[in-house]
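Engineer: Okay, handing you the structure first.
The values are calculated or read from the model by the stated rules, or taken from the named source; none is laboratory data. Source: prediction; values computed, not measured. Note that each Cβ is placed from the backbone with ideal geometry, even for glycine, and that neighbours are counted across all protein chains shown. Accessible surface is based on the protein model in full, side chains and every heavy atom, while ligands, DNA and RNA are left aside. Shrake-Rupley method; radii C 1.70, N 1.55, O 1.52, S 1.80 Å.
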Amino acid sequence: MKIKNKLTVACAALLAATMLLAGCDNGDEDKTANSTPKEIKSIGLMVQDMSNPFFSSMQKEAKIQAKKIGAKLNVQDAQLDLANQDNQISAFIEQKVDLIIVSAVDESGLKPAIERARNAGIIVVAVDTPAKGADAIITTNGVQAGNLSCTYLSEKLGGKGNILIVDGTPIQTITDRIKGCKTALKKYPGVKVVGQQASKNDRATGLSVTTDMLTANKDVQGIFGMNDPSALGASLAVEQAGRQKQIIVTGVDGSPQAEDELKRSGSSFIGTATQNPAEMVRQAVKFGQDTAKGKKPKKTTILIPSKMVTRDNVSEYKGW
């Protein structure tokens, strides 16, 4: 009986050791499966709202870059909905994409989904606006862009007058532009902000909120729109009110639509501080490739400089 018991104990110990080793092996396999890709073979591009020409330009450049490196591309439109982006990241994890390029609807709200992606071995690069948890952030210098646009607006007003601000959704890239604008206005104490309302970053709501503000404020000489769609909506509101000779408008983006408006005679739209969506995508793909090759750049926040495009220099602007 003693011998039999000893054999039973020995077998049990051997079985436990075997299970422990098996557990260790599985852990190693999982870790390998979730490691950073060695090559970018698939890219997931996530944009906030494809109806905005800015994101259409991103999609266009993403197609160029994907073809250039021989990668598959999947583009998803969040339609400004955080839940949509969360689901889209989950789908990309299931598809085992190598690189996610995302313009986040909510920089903090998307963090859990981004962490899931990174834990699955996916490289995540935030473009246009910061996103917590991303491997890198590539965006326009928003403070500079807002500063440039409002400085130009103030100079064209001769340093005095009442202005409206067409704000947008509360994401970092937009709050930076508003911050830059208000910093610029400190240098022009004669320029007063008499109204500020948020659009949904598009032309339609830019038109509606500006119409409301113009109705409430009869004494207005200038308008700053935090992006081109809202600024062009504001310009249309000015035109519909028959006040294009009394009010001037500036924006941020340097979009093709803004270029056309700057060339249109009689428009109240006089300038836009540039962004470069294509360059953001190029930099994101480069970051992904470098990381996959084990050459992760030391710089993980890249700010792309902004320039002012006006009626005077629009013919020299290369555009998107």
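Engineer: For the stretch 114-131, how many residues are part of a strand (DSSP E or B) and closer than 15 Å to Ile40 by Cβ?
Structural biologist: Residues meeting the conditions: 3.
Engineer: Go through (1) surrounded by fewer than 24 Cβ atoms within 10 Å (Cβ to Cβ); (2) farther than 17 Å from Ile138 by Cα; (3) among the charged types (D, E, K, R) for Lys299 and report which single condition fails.
Structural biologist: (2)
Engineer: Does the stretch 38-45 contain any residue that is at pLDDT 95 or above, within 18 Å of the chain's Cα centre (by Cα), of a type in the set (Val, Ile, Thr) and within 23 Å of Arg203 (Cβ to Cβ)?
Structural biologist: The answer is no, given that none of the residues of the stretch 38-45 is at pLDDT 95 or above, within 18 Å of the chain's Cα centre (by Cα), of a type in the set (Val, Ile, Thr) and within 23 Å of Arg203 (Cβ to Cβ).
Engineer: Now a separate question. Across the stretch 51-98, what is the number of residues that are closer than 27 Å to Lys200 by Cα and acidic (Asp, Glu)?
Structural biologist: Final tally of qualifying residues: 4.
Engineer: Inside the stretch 227-320, counting only helices (runs of 4 or more DSSP H) that do not spill past its ends, which hold 3 or more residues that are within 30 Å of Gly121 (Cα to Cα)?
Structural biologist: 277-292
Engineer: Please determine, by comparing only the residues of the stretch 86-106 that are in a loop (DSSP other than H, G, I, E, B) and in contact with a helix residue (DSSP H, G or I) (Cβ under 8 Å, 6 or more places away or on another chain), which one is surrounded by the fewest Cβ atoms within 10 Å (Cβ to Cβ).
Structural biologist: Asp106
Engineer: Related question: Can you confirm whether the stretch 107-129 contains a residue that is more than 17 Å from Val285 (Cα to Cα), touching a Pro at 6+ places or on another chain (Cβ under 9 Å), charged (D, E, K, R) and in contact (Cβ under 8 Å) with a residue 12 or more places away in the chain?
Structural biologist: The answer is yes; a qualifying residue exists.
Engineer: Specify the residue that is nearest to Arg177 (Cα to Cα); the eligible residues are those in the stretch 267-295 that are open to solvent by 30 Å² or more (accessible area, probe 1.4 Å) and without any contact (Cβ under 8 Å) to a residue 12 or more places away in the chain.
Structural biologist: Result: Lys286.
Engineer: Looking at the structure I just gave you, is Lys72 open to solvent by 30 Å² or more (accessible area, probe 1.4 Å), among the charged types (D, E, K, R) and at pLDDT 95 or above? Before the answer, list the steps.
Structural biologist: Working: open to solvent by 30 Å² or more (accessible area, probe 1.4 Å): yes; among the charged types (D, E, K, R): yes; at pLDDT 95 or above: yes.
In short, yes.
Engineer: Oh, and also: Which count do you get for residues in the stretch 43-67 that are assigned to a loop (DSSP other than H, G, I, E, B) and open to solvent by 40 Å² or more (accessible area, probe 1.4 Å)? Outline the logic, then answer.
Structural biologist: As a first pass, look at the stretch 43-67 and keep what is assigned to a loop (DSSP other than H, G, I, E, B): 48-52.
Of the ones still in play, those that are also open to solvent by 40 Å² or more (accessible area, probe 1.4 Å) are 50-51.
Adding up the residues that qualify gives 2.
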